[in-house]
1. Condition test on residue 162, is it in a loop (DSSP other than H, G, I, E, B), modelled with pLDDT of 80 or more, touching a Cys at 6+ places or on another chain (Cβ under 8 Å) and open to solvent by 60 Å² or more (accessible area, probe 1.4 Å)?
2. Are any residues in segment 9-25 acidic (Asp, Glu) and assigned to a loop (DSSP other than H, G, I, E, B), and if so, which ones?
3. Kindly indicate whether any position in segment 124-140 is closer than 16 Å to residue 166 by Cα and hydrophobic (A, V, I, L, M, F, W, C).
4. If we scan segment 26-33, do we find a residue that is outside any helix (DSSP H, G or I), farther than 29 Å from residue 105 by Cβ and modelled with pLDDT of 85 or more?
5. Looking at (1) open to solvent by 60 Å² or more (accessible area, probe 1.4 Å); (2) touching a residue at least 40 places away in the same chain (Cβ under 8 Å), find the lone condition where residue 38 falls short.
6. Within segment 165-182, restricting attention to residues that are at pLDDT 85 or above and assigned to a strand (DSSP E or B), which residue is surrounded by the most Cβ atoms within 10 Å (Cβ to Cβ)?
7. Take the conditions β-branched (Val, Ile, Thr) and open to solvent by less than 70 Å² (accessible area, probe 1.4 Å) and apply them to residue 4. Does it pass?
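The values are calculated or read from the model by the stated rules, or taken from the named source; none is laboratory data. Please read these numbers as outputs of a predicted model, since none were measured by experiment. For neighbour counting, all protein chains shown are included, and Cβ atoms are generated from backbone atoms with ideal geometry for every residue, glycine included. Calculation scope for accessible area: heavy atoms of the full protein, side chains included, ligands and nucleic acids excluded. Shrake-Rupley method; radii C 1.70, N 1.55, O 1.52, S 1.80 Å.
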Amino acid sequence: VRVVTLEDEPRILELRGRDINKVNHAYGTNGIVTELEMPLTPAFPWADLIAPFGDFMTAARFGQALGEADGVVVNECSVFAWPIPEYFKPLGEFIPDGSATAFCLVAESSVEWFECLVADFGGSVCYHKSAAESARTTPLYEYTCTICDNTFEKLRPMSRMDDEANCPDCGSHSERQLSVFMSFTTDAGGETRAVAGGGGCCGGGGGGGGGAGAA
């Protein structure tokens, strides 16, 4: 860090290592920071991957092994027991029924090693989206049936967000809903409950936009 002091005769100080605590924990206005240098972590292109396993404990052991694996760059690994994976509706066609799944974000340079580790635990990769594909992710929209009130989601281009979306349960007309953020509140009785918050973002939310990343 480079600092100009506020002394009668200002000085320019360059502090490194633990010496930066001299200004980090200083009280009052005693200098002006004119330059700051800090290390940044490398940027990786992340691939979205989903790996199903026969049972939850196998998936959990895989997740632990992945986190401990040398040389495999991992951003995230979330393991879900069935039936949670079936709630990721836009990904339903990829996920085998009854499987425990690991939703992962892995650096593209590590995908080959990731696949080997999955195979070691008797699993397979059922979904793989590259970083380039994720950058072109199709938004996730929510619709509610006007007849049976069933609420469902569809991945479609923004230009088609108001196209007809028939209810998967009864086939009737459905209306697009504004997606909202979820927040929590505590009532007078001390009970915590979810409430709808502000916002109208439709892009990539919930369990679909970025594939595994959303998990």
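1. In short, no.
2. Across segment 9-25, the qualifying residue is only 9.
3. The answer is yes, given that some residue of segment 124-140 is closer than 16 Å to residue 166 by Cα and hydrophobic (A, V, I, L, M, F, W, C).
4. Scanning segment 26-33 turns up at least one residue that is outside any helix (DSSP H, G or I), farther than 29 Å from residue 105 by Cβ and modelled with pLDDT of 85 or more.
5. The failed condition is (2).
6. For segment 165-182, the residue satisfying everything is 174.
7. So residue 4 fits the description; yes.
Rundown of residues vs (1) closer than 17 Å to residue 48 by Cβ; (2) open to solvent by 20 Å² or more (accessible area, probe 1.4 Å); (3) free of Cβ contacts under 8 Å to residues at least 60 places away in the same chain, yes/no style:
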| residue | (1), (2), (3) |
| --- | --- |
| 92 | yes, yes, yes |
| 98 | no, yes, yes |
| 103 | yes, no, no |
| 122 | no, yes, no |
